[in-house]
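Working notes, beginning with the structure itself.
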Amino acid sequence: MSKTLNVNYEGKHCYNIEIRPDFNDFLSCFESLDFGGNKICIVTDSNVGPLYEAKLRKILSGANESIFVTSYTIKAGEESKNLDIINKIYEHLIKNHFDRSDMLIALGGGVIGDMTGFTAATYLRGIDFIQVPTSLLSQVDSSIGGKTGVDFNKYKNMVGAFYMPRLVYINLEVIKTLPYEQLTSGMGEVIKHGLIKDNEYYAWLKENSNQVKALDYDSLEHMIYVSCRIKRDVVERDPKEKGERALLNFGHTIGHAIEKCADFSLYHGHCVGVGSIAAAYLSSKYGKLSSNDYEDIIQTFKLYDIPVSALDKSMIDKVYETSLSDKKKKGNRIKFILLNSIGDAYIEINLGKEQIVEGIEKVLK
Ligand code: GLY
């Protein structure tokens, strides 16, 4: 009923990912950090705060009476992920006299994790923070590996820092309160892990879709553990995305472009799913992926109710232009992640405009 993964950074133990059925172990995990400050700010959003903030405060009140706990709640959604809101969090911390020994807790999904991490990385040149990811997507992806930041002038994640949390505490119970689309959005990243690194895990995901969708505890625990382990292994080997970590961007170049062209009205993991289908198509047409595997990948995304197409074909030029502004480039060539086979991804920098447009066209309606 509980699992732990250690994450190393530059060869040394840096933080644990604790996977639990509830918040009951949060206090002991927190105490093991030897917190030397006396103030904590829980950063959360208008969806998650009302559900779990009071619970977390109550747990923290068991730590030490002299710890002052405050919170800062932002409006839920990607539109909050900007420097203006970061300024407001800084103001809140300054008003409450936070110093370098104090701590932030990110309670929420990917937006909250990225923003809290960025605030922690930059406030007083860096204070500690804990990730308490509450969406499947943030549990298996964004809370691990220290990517923090905000969008800038509509460029996604354009300003940020690599900054490691002190702890990632994953409470699986919170998944029960997720809207179904948020669960399937997270599954976009989960399937991606199987596709880029582990064909047995991919096969397990196909075989266990009913249990996962029914939120069977053991299945969820296994799935989240394996996904976190895959991500952990990659970020340990390449924390600053000099090479291998880019494989985690499978499906993201076209996926991000679609997400942006849809004005962030679609779920991130669904866009990644659509982008993954485009990348799988290009892998079979211009690489080594078999057409059977390409068809199989489409079926697996469908099995988890992840859309396999989005937007209208009239958007093709806009999606292409937007994909060019993706920051995942080498020189002026887009770094595309393709598959040799299921479980084996590689970086391709030689796709030309025609090929990319063909991949995009395949996933527009
Ligand atoms: N979400 C991709 C990464 O953390 O590198």
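Rounded to the nearest whole Å², what accessible area per residue is found for the chain with the 1.4 Å probe?
41
List the residues whose amide H sits under 5 Å from the amide H of V159, counting only those 5 or more places along or on another chain, with H placed 1.01 Å from N in the peptide plane.
V150, F152
In whole percent, how big is the carbon plus sulfur part of the accessible area of the range 16-99, probe 1.4 Å, protein atoms only?
49
Quick query: amide H of F129 versus all other amide H atoms, modeled in the peptide plane; which residues come in under 5 Å with a sequence gap of 5 or more or a different chain?
Under 5 Å from the amide H of F129: L104, R166.
What's the local net charge at N47, with K and R +1, D and E -1, over the other residues with C-beta under 14 Å away?
-4
Quickly estimate the mean residue ellipticity at 222 nm for the chain, helices only: each DSSP H run with n ≥ 4 gives -39500 (n - 2.57), and the total goes over all residues, rounded to 500.
-13500 deg cm²/dmol
Once ligands and nucleic acids are excluded and a 1.4 Å probe is used, how much of V234 is accessible, expressed in Å² to the nearest 10?
V234 exposes around 0 Å² with every protein chain in place.
Residue-wise, which Karplus ³J(HN,Hα) couplings in Hz belong to the range 139-148, taking 6.51 cos²θ - 1.76 cosθ + 1.60, θ = phi - 60°, and x for glycine or proline?
Working through the residues one at a time gives 5, 9, 10, 6, 7, 10, x, x, 7, 10 Hz.
Which shape class applies to the range 1-123: rounded if a/c is under 1.5, otherwise prolate when a/b exceeds b/c and oblate if not, where a ≥ b ≥ c are the square roots of the Cα gyration tensor eigenvalues?
Rounded, because the longest to shortest axis ratio a/c is under 1.5.
What dipole magnitude, in Debye to the nearest 20, does the range 98-167 give about its Cα centre under +1 on Lys/Arg Cβ and -1 on Asp/Glu Cβ?
So the magnitude is around 160 debye.
Taking only Cα atoms, what is the 0 to 90° angle, nearest 10, from helix 252-261's long axis to the longest principal axis of the chain?
80
I need to check one value: relative contact order of the range 247-349, counting alpha carbon pairs closer than 8 Å and at least 6 residues apart, in percent.
34
By its C-alpha gyration tensor, with a ≥ b ≥ c as the square roots of the eigenvalues, how is the chain shaped: rounded for a/c under 1.5, else prolate for a/b larger than b/c, else oblate?
Prolate shape, in that a/c is at least 1.5 and a/b is the bigger ratio.
Need one value: the accessible area of F68 in square angstrom, 1.4 angstrom probe, rounded to the nearest 10.
The accessible area of F68 comes to roughly 90 Å².
Would you mind putting 189-201, 108-120 in packing order, based on average other-beta-carbon counts within 10 Å, highest first?
108-120, 189-201
Is the C-alpha gyration tensor of the range 126-265 telling us rounded, prolate or oblate? Criteria: a/c under 1.5 is rounded; beyond that, a/b larger than b/c is prolate, otherwise oblate.
Because its axes are fairly even, with a/c under 1.5, the range 126-265 counts as rounded.
Listed here are the pairs K192/K335; K55/K147; K81/K154; K197/K318; K335/K362; K285/K353; which of them are more than 21 Å apart at the Cα?
K55/K147; K197/K318
Could you tell me how far the Cα centroid of the range 15-41 sits from the Cα centroid of the range 205-270, in Å?
Each part reduced to its Cα centre gives a spacing of 25 Å.
Compute the helix-to-body angle for 268-286: its Cα long axis versus the longest principal axis of the chain, expressed 0 to 90° and rounded to tens.
Its long axis makes an angle of about 30 degrees.
The values are calculated or read from the model by the stated rules, or taken from the named source; none is laboratory data. Because the structure is a prediction, the values reported are computed rather than measured. Quick reminder, even Gly has a Cβ in these numbers, built from the backbone with ideal geometry, and neighbours come from all protein chains shown. When the accessible area is computed, the model is the full protein with side chains, heavy atoms only, and any ligands, DNA or RNA have been set aside. Shrake-Rupley method; radii C 1.70, N 1.55, O 1.52, S 1.80 Å.
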